Amino acid sequence: MITKEQAVQNVEQYIKKKNRTYVYIERERVQMKEKIEVPYGKYEDQKKDVYVVNYDIEGYYENVPNFVYVDAETGEVLFTLTEHGYAEDWEE
């Protein structure tokens, strides 16, 4: 099991690798969710414990939140949920 801090570090590396721009990462509001059914990606429909890390991107009027789901066991980034769907859909 990884720590919240490790989850945030993994998200920072992932964001950098994907060349995403962001305003800030909300380090204090990392959430742990147990046994959620993964709705997207390689582990779709499997139950996993996850950390949800929020980072904001610059919006026209206000910042827009994005949520990165991280496997709490392995530290692997599962997907990024945005207001328009999954970021990985249009990045690949």
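Bear in mind these aren't lab numbers, they're just calculated from the coordinates by the rules spelled out. Keep in mind that this is a model prediction, so the values were computed, not measured. No Cβ is skipped: glycine too gets one built from the backbone with ideal geometry, and neighbour counts run over all protein chains shown.
So the values come out like this:
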quantity: Degrees, to the nearest 10: 4-17 long Cα axis against longest axis of the chain; calculated: 50
quantity: All aspartates and glutamates inside 13 Å of Lys42 as judged from Cα atoms, apart from same-chain residues fewer than 8 positions distant; calculated: Asp71, Glu76, Glu88, Asp89
quantity: Reciprocal of mean inverse Cα separation for region 4-91 (Kirkwood radius, Å); calculated: 13.2
quantity: Helical mean residue ellipticity (222 nm; -39500 (n - 2.57) per DSSP H run of 4+; nearest 500) of the chain; calculated: -6000 deg cm²/dmol
quantity: 19 Å Cα-Cα threshold exceeded, pairs from Lys4/Lys33; Lys18/Lys48; Lys4/Lys35; calculated: Lys18/Lys48
quantity: For the chain, size of Cβ-based charge dipole, Lys and Arg +1, Asp and Glu -1, in debye; calculated: 240
quantity: Centre separation in Å (Cα based) which lies between region 61-78 and region 1-21; calculated: 8
